[in-house]
Amino acid sequence: MMPYLILTAALLIALYFIFRKRAPGKAMVTVAEEAKDKNLLLQHVAYYKNLDDTGRLKFEGLLQDFLQDVRIEGIEIEIEPLDRLLVASSAVIPVFGFDHWKYKNLSSVLLYPDTFNKDFQFEGGDRNIMGMVGTGYMNGQMILSRSALRQGFSPQAGKENTAIHEFVHLLDKSDGATDGIPENLMPHQYIIPWVKMIHQEISRIEHGKSDINPYAVTNEAEFFAVVSEYFFEKPNQFKEKHPELYQVLTVTFSQEPADS
Ligand SMILES: [Zn+2]
């Protein structure tokens, strides 16, 4: 009996030293990785940069939660740390104002090197899709073009951000219908005025009297996704030019991204 006890004790002591030794090393790597990630975020994600310290900490935590839940996969490309951070940032930005939000029905995000067509071909002609939320056999998946993802976060992006657009579609879809009316985010009394605003603005766009991307006239769902991009990418300009739309979106997303 005695030898076993000694053996067990020796094993426990050995294990203690193995893990005690490993722990600080691992922590150091994490700290270095964290610092790298923070730098990438500061360089590429203006939304993060504009947050105060508390906000940044919260943002980082939400990024981590998202990346634990959702797989990010490259299709014929090697995923870089920046890609993971940009996908996760696009997911976190629209839900940053909510206490707790988990994207249900999303297990992975597939990154294609460039734009693709309806058959997910990304080479050759007839490919103009920059991102999409999968339906049918693609349910639970989002596809993004990496060039569109990166372009969305570049200073030249203007009011467009493909990845935010796709995550807003997912939020819209969370009530069962991707219809431009996010019923579980928008207070009930806002819904009828919102639908009216959509149609008024669509008419302005059609008459060349709006600075909103004309793709918004496609339907109500695209309208909601397109104005949300504008809301998060150029909040000050959006508030100034579209105060009513801005107000509804601040309520819908529980946040006010404009400076004042
Ligand atoms: Zn869309």
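Can you give the local net charge around residue 69? Use residues other than it whose beta-carbon is closer than 11 angstrom to its beta-carbon, Lys and Arg +1, Asp and Glu -1. Around residue 69, the surrounding residues sum to +2.
Only aspartates and glutamates eight or more places from residue 209 in sequence, or on another chain, were considered; those with a Cα closer than 13 Å are 201. Take the chain and mark each of the trypsin sites (Lys or Arg not before Pro) that is in a DSSP loop with at most 14 other Cβ atoms within 10 Å; the longest unmarked stretch, sites excluded, is 1-101. The label-point distance for residue 241 and residue 209, in a model that sets each label 7 Å from Cα toward Cβ, rounds to 1.5 nm. In order along the range 65-76, the Karplus-derived 3J(HN,Hα) couplings, from 6.51 cos²θ - 1.76 cosθ + 1.60 at θ = phi - 60°, round to 4, 4, 5, 6, 8, 10, 7, 10, 10, x, 9, 6 Hz, and Gly and Pro are given as x.
Cross-link partners of residue 196 among aspartates and glutamates, defined as those whose alpha carbon lies under 19 angstrom from its own and excluding same-chain residues fewer than eight positions apart: 172, 179, 183, 206, 211, 220, 222, 244. The mean sequence distance of close C-alpha pairs (under 8 Å, at least 6 residues apart), as a share of the length of the range 44-189, puts its relative contact order at 20 percent.
Within the chain, the longest run free of GluC sites (Glu not before Pro) that sit in a DSSP loop with at most 14 other Cβ atoms within 10 Å is 184-260. What does the charge add up to near residue 234, with Lys and Arg as +1, Asp and Glu as -1, over the other residues with Cβ less than 13 Å from its Cβ? Counting the neighbours of residue 234, the net charge comes to -3. With a cut-off of 12 Å between beta carbons, the residues surrounding residue 102 carry a summed charge of -2, where Lys and Arg count +1 and Asp and Glu -1. A Förster radius of 35 Å, combined with the Cβ-Cβ distance separating residue 139 from residue 79, puts the computed FRET efficiency at roughly 0.95. DSSP beta bridges confined to the chain are antiparallel in about 30 percent of cases.
We did not get these values from a lab; they are worked out from the coordinates using the rules stated. Since this is a predicted model, take the numbers as computed values, not measurements. Heads up, the Cβs are rebuilt from the backbone with ideal geometry, glycines too, and the neighbour counts pull from every protein chain shown.
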